[in-house]
Amino acid sequence: MDKISMQWMALLVILINQDYSITQALSPHSSSSLNQRIQTSSSSSSSSSSSSSSSSSSSSSSSSSVFMVKKGFDNSFSTQPVKDKDRQKSMSALQEWARSVGITQKGVQVATGEPIIGGGLGLLAASSIESNKVMLQVPNYLTFTVSTSKLDANPRVEALFKNPKAYVDAPWWAKLSVDLNVCDQIDSRKSAGSTASNENEKQDSLESVDMRPWLDSLPRSFDTPIRWTKEEREALQYPPILSMIAAQEKKTRDTYNSLKEAIDPSSPFINLSFEDFLWGCDCARSRAFSGAYGGTAFDPKPYALTLLLVAIYLGFGLGTVEQASNGAALVFCGTILKDFVLPKLFKSKKYVICPLIDMANHKGTKEDANVAFEYFANSYSLSTKPDVTMDKNSEVFISYGPRSNDALLQQYGFVECDNVHDVYIMPPLREWDIGALEESCGRTFQPGRLEKLDRAGLLGGESLRKNGDEDSFEEGIANRGRGVVISRAGGIDPAILTALRVLVSTNEEWDAVGQAVGNMVTEYSGGKENERIARNVAKKAMELELMSKATSLEQDEQTWKMRNSLSLSAQDMLALQFRIEKKKLLKEAIFALSLV
């Protein structure tokens, strides 16, 4: 008999393992917020059985994929207590449920009231916690997960549609909304051992977990601007976010209509209302975190099968030790390729809502903990950072990422005071009041300079304040018109200062730099007087922007001091804090320009 190639046997093992995992490794999307890291340790081989305490005790030394948390939730407006009393009462049931389904809590608990920010809901350290320690570990089968791959299947949900393609092609937040609504309205049970996006696995012998206690802990109302009236939105006094909200509203409505039309009329899901869909979308946008990892958790079965094949191969003298070693190596390489290389190559991305971890509130800098996917334990963990120790009764904060207040308000429904990641987008340079700027600096801007700046792309495009019907509302789209970006961390965009040096330059200053825009990039490149005037023009433009507002910063701050006596609504208070932060940012940028 011809000798059997061990490499072919290894390929068979890989193919056996592929049928339930490769679908999550393919994605056409390019965004990525996950740094993959793999560490091996003796404690990392624990399983993720819902009843196993050894699984949940795998520490931060186990292999993990570190996620930059994209979404979380419960950091609502800092002065607003949680309004849903039933939701507060459900916390004790949530804690009991967490223990019963295999969620491990070590020194942390869900809490409400002080000292949680704003007296709301969050995670509280129940005892002192050392650095780099796992506080929460949640089995993967309890999560709601979707990916950007159109090959990802969810037969349980797709069966509700006469045209499943509408669900498959929907944005990630819409798919999570559908998944949440199916679980909330039709069947609150999830199969232990599979995630919501991977239910094509055999489930006949698997136990189910009732997600109702967790569902009852979710907020049933949101203060996100998509729900505001036109007057409430205009109180934000910031055109870029108005464009973003309008785009979000249109996209959400269009997606709902597409999904609603595709639902099977005989399905109980046919009664899905827009309000229910929007609730699911708000939950998804505010509670999910994302990462580029697209493979599956560690599965020992293919390796055990490989060892068995190697023993048979060598025991029956079918080949050499070298051939057996090559075959075993091929299995290992195939797993690495499937779980780590292909997801990076195809830039696959997952979005995950993870019970209990989704209660963590946001801090823009110096957060306390990180969220990670534990590869060998098939679970998600919340661990203190290596440089952080937690005192008892202190709130555990994570970071949702470097997000401006535009994103925090639109997606989560809160505003962060003194947010270091906040930005202000002014209209593009071509829309500035040239006459007022010329008057302020005592110089006339030469037409030839404007043409040069236009060719260099420094005058920007058409401001989005004239067009609220954009087809996307992801962060960054607000500046599709290439407006002037002013950040709290860095001040005005240096490219705009370059443009202003060119714009205000005299003929002598322009000739001195060879009439080249690129020669005026650096500070004082046009001379001290040129630099002073350019900065004054920038300051004047920002002052004019402040003057265009319906209220001044001083008036807003006075209203804020009187907020309790004025009986302001949650929407009014959010709009007030949002515009205060934007005006403060402009004031800070003006002050910074005055220092040079």
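The values are calculated or read from the model by the stated rules, or taken from the named source; none is laboratory data. Only a predicted model underlies this, so the values are computations on that prediction, with no experimental measurement involved. A quick note on method: Cβ atoms are made from the backbone with ideal geometry, for glycine too, and the neighbour counts reach across all protein chains shown. In case anyone asks, the SASA skips ligands and DNA or RNA and just uses the protein heavy atoms, side chains included. Shrake-Rupley method; radii C 1.70, N 1.55, O 1.52, S 1.80 Å.
Structure above, values below:
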quantity	calculated
Which numbered condition Asn132 fails, given (1) open to solvent by less than 50 Å² (accessible area, probe 1.4 Å); (2) on the phi > 0 side of the Ramachandran plot	(1)
Flag if Phe414 is among the aromatic types (Phe, Trp, Tyr), open to solvent by 20 Å² or more (accessible area, probe 1.4 Å) and at pLDDT below 95	no
Residue in the stretch 202-221 that is outside any helix (DSSP H, G or I), at pLDDT below 95 and within 20 Å of Leu568 (Cα to Cα) present	yes
Filter result (crowded, with 17+ Cβ neighbours inside 10 Å and either in a helix (DSSP H, G or I) or under 38 Å from the mean Cα position of the chain (by Cα) (or both)) within the stretch 523-543	Asn530, Glu531, Ile533, Ala534, Arg535, Asn536, Val537, Ala538, Lys539, Lys540, Ala541, Met542
Restricting the stretch 417-440 to residues that are buried (at least 19 other Cβ atoms within 10 Å of the Cβ) and hydrophobic (A, V, I, L, M, F, W, C), the residue that is farthest from Trp279 (Cα to Cα)	Leu437
Residues of the stretch 172-187 that turn out to be open to solvent by 20 Å² or more (accessible area, probe 1.4 Å) and either more than 13 Å from Val352 (Cβ to Cβ) or in a strand (DSSP E or B) (or both), as a count	4
Matching residues, the stretch 410-440, being of a type in the set (Phe, Trp, Tyr) and in a helix (DSSP H, G or I)	Tyr412
Conditions (1) under 30 Å from Met390 (Cα atoms); (2) open to solvent by less than 50 Å² (accessible area, probe 1.4 Å); (3) of a type in the set (Val, Ile, Thr); (4) under 23 Å from the mean Cα position of the chain (by Cα): number failed by Ile117	(2)
Residue match in the stretch 269-277 (condition: open to solvent by less than 20 Å² (accessible area, probe 1.4 Å) and modelled with pLDDT of 95 or more)	yes
Single residue of the stretch 226-252 satisfying the filter (assigned to a helix (DSSP H, G or I) and in contact with a Phe, Trp or Tyr (Cβ under 7 Å, 6 or more places away or on another chain)) that is surrounded by the fewest Cβ atoms within 10 Å (Cβ to Cβ)	Lys251
In the stretch 414-459, the residues that are among the basic types (Lys, Arg) and under 36 Å from the mean Cα position of the chain (by Cα)	Arg430, Arg455
Any hit, the stretch 430-444, residues being modelled with pLDDT of 55 or more, among the charged types (D, E, K, R) and farther than 27 Å from Glu509 by Cα	no
Long-range neighbours under 6 Å by Cβ, at least six apart or interchain, first residue at negative phi and among the aliphatic types (A, V, I, L, M) within the stretch 412-423, second open to solvent by less than 40 Å² (accessible area, probe 1.4 Å) and in a loop (DSSP other than H, G, I, E, B)	Val420/Gly364; Val423/Ser404
Enumeration of residues in the stretch 544-596 that are part of a helix (DSSP H, G or I), among the polar types (S, T, N, Q) and either at positive phi or open to solvent by 40 Å² or more (accessible area, probe 1.4 Å) (or both)	Gln555, Gln558, Thr559, Asn564, Ser565, Gln571, Ser594
